[in-house]
Amino acid sequence: MTVASRPAPARIGLARAALGRAGGYVAVFAVALTITFLLPRALPGGPLRTLGGGEVGDLDPAARAKVVAAYGLDQPLHVQFGRYLRDLIRLDLGESFNGGRPVVEAIREALPWTLLLVGTSVLLTAAVGVLLGVIAGLRRGRGKGNLLLAGVLLFDAAPAFWVGMLCILFFGVHLGVLPTFGVTTAGHTGLAAVGDVASHLVLPVGVLVATGIGQFFLVTRFSVASALHAPHVEHAHARGIPHRRVVARHLLRPALLPVHTQLMMELGWLVGGALVVETVFAYPGLGRLTFDAIQGRDYPTMQGTFLTLTVTVLVMNALADLTYPLLDPRIRARGRS
Amino acid sequence: MRAGRAAGWAGAFLLAALAAVAVVGPWLLGTDGRERVARPYEPPSAERWLGADDLGRDLFDQLVIGARGSLGIALLVALAATAAAALVGGVAGLAPPWAAATLMRIVDLVLALPFLPLLILAAAFLGPGLGVRAAVVAALVWAGPARLVRAGVLAAWSRGHLQAARAMGASAGYLLLRHASPVVAPLLVPVFVRTAMTAIVLDASLAFLGLGDPTIPSWGTMIHWASVRGAMLSDAWLWWALPPGTAIVVTVTALALVGVATEDRLNPTLRKDR
Amino acid sequence: MLTITDLTITYPNGHPAVQDVGFTVGAGEIVALAGETGSGKSTIAKALLGLLPTGSTVTGSARLDDLELAGRTGHDWYGVRGRRIGIVPQGAMTGLNPVRRIGDQLTESVRVHTQASRAAATARAVDLLDQVRLPANTIDAYPHQLSGGQRQRVAIALALAGEPQLVVADEPTTGLDLVTQNHILDLLADLRTKDVGLLLISHDLPALRGVADRIAVMYAGTLVESGPARGAAHHPYTRGLLAAMPSLEQDTPWVSIPGTAPARADLGAGCPFAPRCPWVTASCHTQRPVPAPVGNATVACHHPSDDRPLLFPPAPTSGGGVGSRQAVGPVATLTGVGHVYRSRHRQTVALAGVDLHLWPGEILGVVGESGSGKSTLAQILLGLLRPSAGRVEVAGNDLSLLRGRRLRAIRHQLGFVAQDPYSALHPAMTVAQLVAEPLRIAGTPRHLHAARVTRALELAGLPADLIGRRPDQLSGGQRQRVAIARALAGDPVLLIADEATSMLDVSTRAGIAATLRHLAESTGLAVLFITHDLGEAVQSCDRMVVLHEGVPVQQGGPQDIVGSPRPGYPADLVAAARRYLGAPAVTGSGD
């Protein structure tokens, strides 16, 4: 009987799998570094052309020298890359072309707002999407299930910016009950300030949830409907376990495993994907910072935000990989390939 | 099941109608939607169903012409992304392990890139041409489906009839053509539909952000100008921002209905249900 | 205790799956319900627990003491399932919740049925594991950490958790190797107490005879015979089924029952077995026989007999050795062949030190349990797998020197029949296309196809009028014959049959073996016959190799191996097979 001795090799397998994965993350990170490094150097109309909106010749020599010095453009490429890495390790992402503010500072200010917005939205989206998905999955092919499916597909089809605009119109302009832009109104302190931030969150979060539940809903519905006739579910019924208990304990847990992956993917995606909604609601998050940087050809800020976004996605992926085995004992034993 | 199929057909019918509008509509109107034909901000009338924008251009004409842009980009992106997914997924499913691993790492990489910001960056720097936009969107959305196709190829590979043909001395080409593709090809339908949906919404989002092609009317651009020119502050949103948004919702929902109907039909574990 | 009378079960499609079945299970009794695929035996198990698909109708009666089971719906089943009747469902091994510990699943069943406290339920779970002879620490294991046999024990413990009066076990040994099968059957027999009855459902009649008190045999939805397990068989179907089990003695004939079981829609007024029966008379076609007592048994047959000759066609057995050996030379030669599977985590030795010659006209049996390297051997011969050691020569070519197109050309000279006739045929192709596929792959000129296909079908024993059918319109036996015809179409020098009979019904297996024998003798084809069934190998092969963990542990003629097995695995194998087949069955002989 080898039952007792099994857990030990399982743990080794897990560690090994995690190590293999880590290699993957390093590779992605390296590519992201390279892309951000090349960003100002390779794009048509690099910093020398666009700074000040004119052509190369229009840039006055002093400003031009400043840009060349800022990027070390007079150095060979590998020297530039080395310098870029060295600055990065010191968390020096340069200064914004618009206003000369350190990029790190701007990101430090914007990131928490985005994390607040995205974190709240994804958790709510997952909760609502999974709940509806389970209902629709259990009732697949029947009236209520179909109705739910149709409703969710309709919301899923609506572009977030458009729903956002309509929301501003109704809740902000017509009803006047909710703030429609920014994250705070001046003059609140203490608990009132918390309430103020929360009230600013309602509309953007609402839009992200309404237009985002589709993926969770579909994944859950499909997975639950597929699991209805899984052998272990039928077995549990045959053993006389009451229906509700079969659904809760035998059907849902294995069926919801794919949702976890979806959750982590969505988190990573939305950090950048909230950009449109952040723009609509003038929400001072990372997405808007990125968008403004692109619009203003502000290379240092662009580089900084892209790197931050990639790292966030990677962290989310890593979290998904690390937590998944906790949910699925089979993966715990095998390690992931 | 029957309701699902009916919904699928309803979606297909809607798509066909929209495609007809996109193909024939602009030709029937006889305009490219850019001429000033009315007073700026003119409200709807019997003659001008949706009124005019701030430059006096007919909004109904723009709506009809916008169908062409949206469906066009959907088609281009879906074709390109599905082809890329089939190619990469197929090769990754059949190639020796090291090559497959490398390919899948590339797929992981694309999936880990900040998708929307990159898209905006590319749109901002590469210009608003239809082909460029389609290429950029396709370059970013093929990766997820490629995983799906690879899984399908691997599943097909384990089928008994493919292994039997292999034991008969069949070449890789024969296996792929006669035994693997009938299994994998149906997977591509939902992939096609889903990338088309993504393309429409993404393209509209770009246009809304002001990165669309200003010379060709599109649903996203209409909403962009409605927002910028203050249509939301008056009743004008009713005929300026609402119709193009609704058009997007209808088109994407129609696609979604087709997609869900095919996916449900393809899932063997659901088939014995009822 | 359980009394079933006139039970008729109709599926939503309107055809009766079970017709007028009656039998009893007493307290402390083990009753076996035997029958082949589609005989309706599992349908009865499902009806006893209310697990039939919605829209099925049940008439007649199934009483468990004072409790009527027929005609219950929905919530009426609570308090019956698990509490009064425990079930070990078909495929229970794969039916445990993959993400919950064994202990959780056991205590859940205990608590649902007995309202025990958490602590008491845990104690009871350990107790149940002990009853099925699993150690207490199994409680912390997940299903994937257990072997198939261990999981089946857990399934049995689950069935016992509610302290039921009756336990229904549906195919509890299918998918397990012979040694484990015997262990599970022993366990079930030991679990009998004076209060608990056991209904054992299986296609495996000989195995049932070893443990059951009484046996009921089903055919096409009807009960053809029931009686004491060790008594004589009287129905021609029961007798045929017993004679279809390959014996370890080569001179005991191995028969097959011609034809296949009728579809429910085709059942007429007569005896359902009439079309296949050797004793058939005119009244059999017009009058359904009524169950009537014959000796200790109850038999539904117009002409029951326990000694009348059966006259089913026996499979020809070889005289051993074939004359043409020296003249022609071997078709394939393996010298010191070994193979090691390497993955990132471990190395697995699949084969080691295999030396074999395959001669024209000879059937070479390879016997071993799953994981013994049998299939690896087939893959190596086909050139689909490069062995990590040794030399393989097929039709005069050293396979290690061939690549790409020339390696594939070797496969055109080989025929391969896989285990699963359901997945091995492309579902969208017709029989004609399927059989012609190797010709198309080998590039044989098109105008030759039709004649080759017709000949291959004939050699495989298939009627030519099946040529336009698709696989889903064929029975399992017919499909496997199509696979054989396909393997023969390219005029191979060697046919490799990898467990080609293991998924077929017992009554048709001997027919496949007879076909292979005929082919070997008439066309000089060499056959590599891979099987886990020792009896089958004894009956159909000229020479045998016993594989164990990749090592050929004994090689020789069938009688040598059965008569004087080497100590160790061969001896265990022969002992297990003897036990399985029991004392020589009390049947009529086939002559």
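Taking the conditions (1) over 20 Å from the mean Cα position of the chain (by Cα); (2) closer than 17 Å to C:S42 by Cα; (3) in a helix (DSSP H, G or I) in turn, C:A189 satisfies each one other than (2). It is to be established whether one or more residues within the stretch C:158-168 are closer than 22 Å to C:I85 by Cα, surrounded by 15 or more Cβ atoms within 10 Å (Cβ to Cβ), touching a Pro at 6+ places or on another chain (Cβ under 8 Å) and at pLDDT 85 or above. Taking every residue of the stretch C:158-168 in turn, none turns out to be closer than 22 Å to C:I85 by Cα, surrounded by 15 or more Cβ atoms within 10 Å (Cβ to Cβ), touching a Pro at 6+ places or on another chain (Cβ under 8 Å) and at pLDDT 85 or above. Just one of the numbered conditions (1) buried (at least 21 other Cβ atoms within 10 Å of the Cβ); (2) within 30 Å of C:G91 (Cβ to Cβ); (3) more than 14 Å from chain C (Cβ to nearest Cβ) is not true of A:T261: (1). Residues that are at the interface with chain A (Cβ under 10 Å from one of its Cβ atoms) and either in a loop (DSSP other than H, G, I, E, B) or under 30 Å from the mean Cα position of the chain (by Cα) (or both) were ranked within the stretch C:40-76; the one that is surrounded by the fewest Cβ atoms within 10 Å (Cβ to Cβ) is C:L51.
Evaluation of A:L307 against the conditions (1) at the interface with chain B (Cβ under 9 Å from one of its Cβ atoms); (2) of a type outside the set (S, T, N, Q); (3) more than 13 Å from the chain's Cα centre (by Cα) shows that the sole unmet condition is (1).
Annotation: A:P284 fulfils all but one of (1) of a type outside the set (S, T, N, Q); (2) crowded, with 22+ Cβ neighbours inside 10 Å; (3) not in a helix (DSSP H, G or I); the unmet one is (2). The residues in the stretch C:127-139 that are surrounded by fewer than 18 Cβ atoms within 10 Å (Cβ to Cβ) and in contact with a helix residue (DSSP H, G or I) (Cβ under 6 Å, 6 or more places away or on another chain) can be counted, and the count is 1. Annotation note: Cβ proximity below 9 Å between a residue of the stretch C:261-278 that is in contact (Cβ under 8 Å) with a residue 40 or more places away in the chain and a residue that is part of a helix (DSSP H, G or I) and surrounded by fewer than 19 Cβ atoms within 10 Å (Cβ to Cβ) (sequence gap 6+ or interchain) occurs for C:P262/C:P275. Only one of the listed residues (C:V179, C:V196) is at pLDDT below 90 and more than 30 Å from C:E499 (Cα to Cα). That residue is C:V196.
Within the stretch C:390-410, none of the residues are touching a His at 6+ places or on another chain (Cβ under 9 Å), buried (at least 20 other Cβ atoms within 10 Å of the Cβ) and modelled with pLDDT of 85 or more. Of the residues making up the stretch A:281-304, just one is facing chain B (nearest Cβ under 7 Å) and in contact with a Pro (Cβ under 6 Å, 6 or more places away or on another chain), namely A:T290. Taken together, the residues in the stretch B:181-204 that are crowded, with 18+ Cβ neighbours inside 10 Å, of a type outside the set (F, W, Y), out of contact with any Asp or Glu (no Cβ under 7 Å at 6 or more places or on another chain) and touching a residue at least 60 places away in the same chain (Cβ under 8 Å) amount to 15.
State yes or no: is C:E29 more than 21 Å from A:A238 (Cβ to Cβ) and in contact with a His (Cβ under 7 Å, 6 or more places away or on another chain)? For C:E29, the condition - more than 21 Å from A:A238 (Cβ to Cβ) and in contact with a His (Cβ under 7 Å, 6 or more places away or on another chain) - is not met.
Return only the number of the condition from (1) more than 10 Å from chain A (Cβ to nearest Cβ); (2) within 14 Å of B:P128 (Cα to Cα); (3) modelled with pLDDT of 85 or more that B:L209 does not satisfy. Result: B:L209 passes all but (1). Listed by first and then second residue, the pairs with beta-carbon distance under 6 Å, at least 6 apart or on different chains, first residue in the stretch C:133-156 and within 9 Å of chain A (Cβ to nearest Cβ) and touching a residue at least 60 places away in the same chain (Cβ under 8 Å), second part of a helix (DSSP H, G or I) and among the β-branched types (V, I, T), form an empty list. Is it the case that B:L140 is over 27 Å from C:Q480 (Cα atoms), outside any loop (DSSP other than H, G, I, E, B) and within 18 Å of the chain's Cα centre (by Cα)? Yes; evaluated as a whole, the condition is true for this residue. Please enumerate the residues belonging to the stretch A:120-177 that are within 19 Å of A:G273 (Cα to Cα), away from chain B (no Cβ under 12 Å) and touching a residue at least 40 places away in the same chain (Cβ under 8 Å). Selection gives A:T120, A:S121, A:V122, A:L124, A:T125, A:A126, A:G129.
Kindly provide the set of residues from the stretch A:228-254 that are within 10 Å of chain C (Cβ to nearest Cβ) and not in a helix (DSSP H, G or I), ordered by number. Once the filter is applied, which keeps residues that are within 10 Å of chain C (Cβ to nearest Cβ) and not in a helix (DSSP H, G or I), the stretch A:228-254 yields A:A230, A:R239, A:G240, A:I241, A:P242.
Cβ separations smaller than 8 Å between residues 6+ apart or across chains give the following pairs from the stretch C:17-38 residues that are free of Cβ contacts under 8 Å to residues at least 24 places away in the same chain to residues that are surrounded by 20 or more Cβ atoms within 10 Å (Cβ to Cβ): C:T24/C:L2; C:T24/C:I4; C:T24/C:V31. The residues on offer are C:G103, C:G79, C:G86, and the sole one that is assigned to a loop (DSSP other than H, G, I, E, B) and of a type in the set (G, A, S) is C:G79. Restrict the check to the stretch C:516-524 and report whether at least one residue is at pLDDT 85 or above, within 21 Å of C:S372 (Cα to Cα) and under 23 Å from the mean Cα position of the chain (by Cα). Looking for residues that are at pLDDT 85 or above, within 21 Å of C:S372 (Cα to Cα) and under 23 Å from the mean Cα position of the chain (by Cα), one finds none in the stretch C:516-524, hence no. Residue count for the stretch B:156-171 under the criterion of being more than 7 Å from chain C (Cβ to nearest Cβ) and either in a loop (DSSP other than H, G, I, E, B) or closer than 11 Å to C:E437 by Cα (or both): the result is 1.
Here's the yes/no breakdown for (1) within 20 Å of B:W9 (Cα to Cα); (2) within 11 Å of chain A (Cβ to nearest Cβ):
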{"position": "B:P182", "(1), (2)": "no, no"}
{"position": "B:P190", "(1), (2)": "yes, yes"}
{"position": "B:T215", "(1), (2)": "no, no"}
{"position": "B:H224", "(1), (2)": "no, yes"}
{"position": "B:S227", "(1), (2)": "no, yes"}
{"position": "B:A231", "(1), (2)": "no, yes"}
{"position": "B:D235", "(1), (2)": "no, yes"}
{"position": "B:A247", "(1), (2)": "yes, yes"}
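Would you be able to say whether some residue in the stretch A:273-280 is more than 7 Å from every other protein chain (Cβ to nearest Cβ), within 23 Å of B:A122 (Cα to Cα), β-branched (V, I, T) and over 17 Å from the mean Cα position of the chain (by Cα)? Checked the stretch A:273-280: at least one residue is more than 7 Å from every other protein chain (Cβ to nearest Cβ), within 23 Å of B:A122 (Cα to Cα), β-branched (V, I, T) and over 17 Å from the mean Cα position of the chain (by Cα).
Checking A:G304, A:G272 one by one, the residue that is part of a helix (DSSP H, G or I) and within 23 Å of A:V209 (Cβ to Cβ) is A:G272 and no other.
The values are calculated or read from the model by the stated rules, or taken from the named source; none is laboratory data. All values reported here derive from a predicted model rather than from experimental measurement. Here the Cβ is made from the backbone with ideal geometry for all residues, glycine too, and neighbour counts use every protein chain on show.
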